[in-house]
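Novice: Have a look at the structure that comes next, please.
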Amino acid sequence: MFEFGYDNYMQHAFPMDELDPIHCTGRGPDRLNPANININDALGDYMLTLVDALPTLAIMGNASEFRRAVRLVVAHLSFDNKNSTIQVFEATIRMLGGLLSTHLLLVDETQPFGNMKFNDYNGELLHLAHDLAVRLLEAFTSRSTLPYPRVNLRDGLPVDSYNHTCTSGAGTLLLDFATLSRLLNDPVYERLARKAMQTIFSLRNLETGLVGNELNVETGEWLGQMSGLGAGIDSYLEYLLKGYLLFGDRRDYDMYEQLTNSIKQHLKRG
């Protein structure tokens, strides 16, 4: 299934963001309709599918295509002059995560997927990840320390930016931001991601111990008071646990444990 999807993307859609399967053509941001966030939140005119697929090529053991694809990204990917307003959450977990994961596969002697190295790699993916993250930092300008949901890759925070975000959108940045901080020896990215996660935790309902699903990034007020395990909340819980497993900070696990205990207590049964 992966090979079928990947091969058809490369044949019919590269270097655009994704393959439109109905028309068998490439698809990028919807420039004619900026309000089409179903498309524009994810597609930034930056070869999304290829970057997202790089680590999977390594996991699949296709070293030759992995190296070829890395070279294509290095040769063609740039975030300069991209008038694309993208969702911080999507860009972080797919673009930033793809670039950082692939960089680690190329430089980490202990990775388990075989030799993926090639001689002319000089850390270009890490430089691209740094460039993208600098642009994403524009989101962290609210009074509450929660990130705005979207930034423009060229112009920064949109003048008509929404001031509401879902819990997952603000609280699912730690793995990628902290990995970048440690690779660059620059704490700012990890500090901002951690602050957002801790702010969400501090706003949980004092009676139930649960978090809602939508926040005002300026005031920190809950706009959506429904709680659950589905979209809008799920990956916040996921990243608290994964953050602890990857970085060993006990604070992450303590927040995860308190939230999951509250969830178990209030689960609807029957």
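Novice: On the protein heavy atoms, probe 1.4 angstrom, tell me the percent of accessible surface of the chain carried by carbon and sulfur.
Specialist: Here it works out to 52 percent.
Novice: Using a Förster distance of 25 angstrom, determine the FRET efficiency expected from the C-beta separation of HIS76 and ALA35, and round it to 0.05.
Specialist: Calculated value: 0.30.
Novice: On a straight-distance basis, which lysines could pair with LYS242 in a cross-link, Cα separation under 21 angstrom, same-chain partners fewer than 8 positions away excluded?
Specialist: LYS195, LYS264
Novice: Sort the following peptides by mean Cβ neighbour count (other Cβ atoms within 10 Å, averaged over residues), highest first: 5-11, 90-96.
Specialist: Result, highest mean Cβ count within 10 Å first: 90-96, 5-11.
Novice: Also, I was wondering about something else. At q = 0.11, 0.14 Å⁻¹, what log₁₀ I(q)/I(0) does a Debye calculation on the Cα points of the chain give, no solvent, two decimals?
Specialist: -0.66, -1.03
Novice: How much FRET efficiency would the formula 1/(1 + (r/R0)^6) give for ASN115 and ASP20, where r is the Cβ-Cβ distance and R0 is 45 Å, rounded to 0.05?
Specialist: Efficiency, rounded to the nearest 0.05: 0.80.
Novice: Could I ask something else about it? Suppose all protein chains stay in the model; what accessible area per residue would a 1.4 Å probe give for the chain, in Å²?
Specialist: That works out to 50 Å² per residue.
Novice: Let me ask another. What shape does segment 1-120 have by the C-alpha gyration tensor, where a ≥ b ≥ c are the square roots of the eigenvalues, rounded means a/c under 1.5, and otherwise prolate means a/b greater than b/c and oblate the rest?
Specialist: Because a/c hits 1.5 or more and a/b exceeds b/c, segment 1-120 counts as prolate.
Novice: If you fit an axis through the alpha-carbon atoms of helix 124-136 and take the longest principal axis of the Cα set of the chain, what angle between them do you get, 0 to 90°, nearest 10?
Specialist: 40 degrees
Novice: Additional query: Can you tell me the 0 to 90 degree angle between the C-alpha axis of helix 174-184 and the longest principal axis of the chain, rounded to 10?
Specialist: So the inclination is approximately 60 degrees.
Novice: Continuing with this model, one more query. For segment 162-270, just say rounded, prolate or oblate: build the C-alpha gyration tensor, square-root its eigenvalues into a ≥ b ≥ c, call rounded for a/c under 1.5, and beyond that prolate if a/b exceeds b/c, oblate if not.
Specialist: oblate
The values are calculated or read from the model by the stated rules, or taken from the named source; none is laboratory data. Predicted model, so just to flag it, every value in this text is computed and none were measured. Positions of Cβ are generated from backbone atoms using ideal geometry, with glycine treated the same way; all protein chains shown enter the neighbour counts. Areas reflect the complete protein model, heavy atoms only, side chains present, ligands, DNA and RNA absent. Shrake-Rupley method; radii C 1.70, N 1.55, O 1.52, S 1.80 Å.
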